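To start, the structure itself, in structure tokens.
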Amino acid sequence: MYEAFYKLHDKPFRLTPDPGMLFPSKGHKRAMSYLLYGFDKGEGFVMITGAVGTGKTLLIQKLYEELGRRNIAMASIASANLDGEDILPAVAAELDLPYEGRSKEALLQDLKQHLIKLSTRHTHALLVVDEAQTLTPAALEMLRILSNFEHKGRALLQVFLVGQTELRRIIISNHMEQLRQRIIASYRLEPMEAEESRAYILHRLRAVGWTDDPALAPEIFTAVHRASRGIPRKINMIMDRLLLYGYLEELHRLDEGALNTVLDEIRDEMPEVPQTLEPPAVSRQQEPTRAPAVSKQESELAVLELKRNNILLQLMREEIRLKEILQGDSPTTAETDEADGSDPQHLHSMRGGQ
């Protein structure tokens, strides 16, 4: 509809993830760096969390592209409330192993033997679990057991957990200390800041041939960020509706008045959702009595993760230096000092060329 009116060759703000439209935000660059770093370690868990609509699924799709040229056997599960009895058949099915009528013990042995065969062929086995916050504690424990499989001193399976922020709370509140100790890297995707939100909107428009038609008033960007809270999926929804409104009204300039009309329409369609489009917060009276304790544990975990991530970043830099030395291109002292102060977000692009 509005694509032809504004001479765009595609819809710029689709709700379905499209790796070709990936905006290289600061958060996504860093999350990808942790995923690739964890993958190179070849063991344990890597955990990526974030609110609904922050781009976790798109990040995983981009990871598949990054790893497509490597010798790996990748299994992917979109978790839907899987429990301890369901998780093994799901993993077996993704690895093309028979599972119907097999007991849990038999499936564990089948999976281990299959993973050993992959290992002898120097094939890296990776399991990616999306929507991991819907897994039961029993299912998470079963994944930990799978991650313990090893052969000749090498782990046979690595697991990436991708889910909403509740995943952290599930692990903490169920005292899953053994699983926590197996997490070698973790990162939480945050909503975009106002300036990054503006760059995201322009990036998507230009990707489909936008030439300032419609023109966007400067206040549009601030207002969209405020209404969406910087969450990409919500930005997409608002901007798509705004372009549709412009087409219906035959507008070639969109201002805050047009945006407010669109936001009012959205609120009329979803009257129970407040202006920010977020669902209502749970009142303190409805929260479980253990919430304060969990909150304290989450704070402690955040501090520990920050320390661990700082150590990981230093290890990443050291690994890059060692590779340069082995390649006969040892950095100078000045270059080394510069690397120590550099932003680790460049790691993804450096790894992409390896």
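The values are calculated or read from the model by the stated rules, or taken from the named source; none is laboratory data. Fair warning: this is a prediction, and the values are worked out from it, not measured in the lab. Neighbour counts run over all protein chains shown; Cβ positions are idealised from the backbone, glycine included. Each accessible area value is taken on the protein alone, full model and side chains, heavy atoms only, with ligands, DNA and RNA left out. Shrake-Rupley method; radii C 1.70, N 1.55, O 1.52, S 1.80 Å.
Please tell me if Glu141 is modelled with pLDDT of 90 or more and open to solvent by 30 Å² or more (accessible area, probe 1.4 Å). Criteria met by Glu141. Of all the numbered requirements in (1) open to solvent by 40 Å² or more (accessible area, probe 1.4 Å); (2) more than 28 Å from Ile235 (Cβ to Cβ); (3) not aliphatic (A, V, I, L, M), Tyr64 misses one, and that requirement is (2). Just so you know, in segment 199-232 the residues that are under 21 Å from the mean Cα position of the chain (by Cα) and in a helix (DSSP H, G or I) include one that is nearest to Gly50 (Cα to Cα), and it is Pro232. Scanning segment 61-90 for residues that are of a type outside the set (S, T, N, Q) and touching a strand residue (DSSP E or B) at 6+ places or on another chain (Cβ under 6 Å) gives Ile72, Ala73, Met74, Ala75, Ile77, Ala78, Ala90.
Looking only at segment 72-81, which residues are of a type outside the set (Gly, Ala, Ser) and open to solvent by less than 30 Å² (accessible area, probe 1.4 Å)?
To start, the set of residues in segment 72-81 that are of a type outside the set (Gly, Ala, Ser) comprises 72, 74, 77, 81.
Result: Ile77, single match.
Does Leu8 satisfy being under 24 Å from Leu242 (Cβ atoms) and touching a Gly at 6+ places or on another chain (Cβ under 7 Å)? Yes, satisfied.
Mind listing just one residue for me: the one in segment 152-203 that is among the small types (Gly, Ala, Ser) and open to solvent by less than 10 Å² (accessible area, probe 1.4 Å) and, of those, farthest from Ala73 (Cα to Cα)? Going through the qualifying residues, I end up with Ser197. Within segment 34-60, residues that are among the basic types (Lys, Arg) have Cβ atoms under 6 Å from residues that are open to solvent by 10 Å² or more (accessible area, probe 1.4 Å) in these pairs: Lys41/Ile184, counting only partners at least 6 apart in sequence or on another chain. Of all residues in segment 113-138, those that are surrounded by 17 or more Cβ atoms within 10 Å (Cβ to Cβ) and either in a loop (DSSP other than H, G, I, E, B) or more than 19 Å from the chain's Cα centre (by Cα) (or both) total 9. Taking (1) without any contact (Cβ under 8 Å) to a residue 12 or more places away in the chain; (2) open to solvent by 50 Å² or more (accessible area, probe 1.4 Å) in turn, Lys11 satisfies each apart from (1).
Take the residues in segment 40-59 that are open to solvent by less than 10 Å² (accessible area, probe 1.4 Å) and outside any loop (DSSP other than H, G, I, E, B); name whichever of them is farthest from Ala125 (Cα to Cα).
Residues of segment 40-59 that are open to solvent by less than 10 Å² (accessible area, probe 1.4 Å), as a first pass: 44-50, 53-54, 59.
Now restrict to residues that are outside any loop (DSSP other than H, G, I, E, B): 45-50, 59.
On the way: Phe45: 13, Val46: 14, Met47: 17, Ile48: 19, Thr49: 22, Gly50: 25, Leu59: 19 Å.
Looking at residues that are open to solvent by less than 10 Å² (accessible area, probe 1.4 Å) and outside any loop (DSSP other than H, G, I, E, B), I get Gly50.
Answer yes or no: is there a residue in segment 152-175 that is under 23 Å from Asn81 (Cβ atoms), aromatic (Phe, Trp, Tyr) and part of a strand (DSSP E or B). Yes, because at least one residue in segment 152-175 is under 23 Å from Asn81 (Cβ atoms), aromatic (Phe, Trp, Tyr) and part of a strand (DSSP E or B).
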